[in-house]
């Protein structure tokens with residue numbers, strides 16, 4: 001399962017690679033990283049058929065995660081099967097907006113990696 005993680009905090013890459021070490025080694029999950037909404041769109045244009053899940057931060061400079069969600073849903077005929085939004089602010093307005101734009105899930109930081117692994121495993125084919 002190919003997962004694209006979008007977050008302007010670059011240390012997120014190391015955190016995900018560490019927390020999902022076993023799943024990556026077994027080939028169960030594969031991660032790519034983009035550090036802005038714009039970078040994520042560039043990646044999606046090249047690899048849209050491979051990405052099954054996007055995990056995106058909401059608050060990023062430039063294109064926000066909500067704008068990214070909207071662009072992905074508009075631009076790709078076959079958008080990723082799942083888009084999960086991640087935010088440090090678990091406010092109702094962000095949640096409502098994400099759901100209205102078609103997000104499948106909404107997680108708050110700090111991410112509970114145990115719960116995230118369970119959610120991802122339920123999405124495995």
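The values are calculated or read from the model by the stated rules, or taken from the named source; none is laboratory data. For clarity, every value in this text was computed on a predicted model and none was experimentally measured. As a convention, Cβ positions derive from the backbone with ideal geometry for all residues, glycine included, and neighbour counts pool all protein chains shown.
I'm trying to understand the selection: among the residues of the stretch 12-43, which are in a helix (DSSP H, G or I), touching a strand residue (DSSP E or B) at 6+ places or on another chain (Cβ under 8 Å), within 20 Å of residue 107 (Cβ to Cβ) and in contact (Cβ under 8 Å) with a residue 12 or more places away in the chain?
Once the filter is applied, which keeps residues that are in a helix (DSSP H, G or I), touching a strand residue (DSSP E or B) at 6+ places or on another chain (Cβ under 8 Å), within 20 Å of residue 107 (Cβ to Cβ) and in contact (Cβ under 8 Å) with a residue 12 or more places away in the chain, the stretch 12-43 yields 12, 13, 16, 17, 37, 40.
So, of the residues in the stretch 87-103 that are part of a loop (DSSP other than H, G, I, E, B) and either out of contact with any helix residue (DSSP H, G or I) (no Cβ under 9 Å at 6 or more places or on another chain) or exposed (fewer than 12 other Cβ atoms within 10 Å of the Cβ) (or both), which turns out to be modelled with the highest pLDDT?
Only one residue tops the list, namely 88.
Give the stretch 104-125 a look and list any residue that's in a strand (DSSP E or B) and surrounded by fewer than 16 Cβ atoms within 10 Å (Cβ to Cβ), or say none.
108
Residues in the stretch 18-35: is at least one surrounded by fewer than 20 Cβ atoms within 10 Å (Cβ to Cβ), under 13 Å from the mean Cα position of the chain (by Cα) and either more than 22 Å from residue 115 (Cα to Cα) or at pLDDT below 95 (or both)?
yes
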